[in-house]
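Structure first, commentary second.
No value in this document is a laboratory result; all are computed from the given coordinates. These numbers come from a predicted model, not from an experiment. Methodologically, a virtual Cβ is constructed for each residue, glycine included, from the backbone with ideal geometry; neighbour enumeration extends over all protein chains shown.
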Amino acid sequence: MTSDLKISEPEEIREIILDPTNGKNDTFYLPDSVVVNIPKKLRVGEEFEIIAGKLVAENEYKRLTAKYNDSGAFTLLISEIFHLQD
């Protein structure tokens, strides 16, 4: 969902990557199967993402990604659900 509330079509993702920011974020594993990725360091004028996910069932992982622009304004929210299939 974009900041103007437009919803895009879902895309199929075959692999769960707990840190999709290519090492720009630190990953924290919290109780109850929650994973949070936050920026290691924020610089003025730089875009960033905050990602939170949770294993909600043995074969289902849900993740939210909040993206912010270079002035710190919210620009995009991505909701993803991953299913492990045999």
Check: Roughly speaking, what is the stretch gain from Phe74 to Thr27, that is 0.36 nm per residue apart minus the C-alpha to C-alpha distance, in nm to one decimal?
Finding: 14.8 nm
Margin query: Neighbour counts of other C-beta atoms within 10 Å: give me Glu58, Glu49 arranged from fewest to most.
Written below: Glu58, Glu49
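Fewest Cβ neighbours within 10 Å first, please rank Tyr29, Tyr61 accordingly. Numbers along the way, then the final one.
On the way: Tyr29 9, Tyr61 18.
Result, fewest neighbours first: Tyr29, Tyr61.
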Next item on the list: Can you tell me the FRET efficiency between Val36 and Val56 if r is taken as the Cβ-Cβ distance and R0 is 22 Å, rounded to the nearest 0.05?
Entry: 0.90
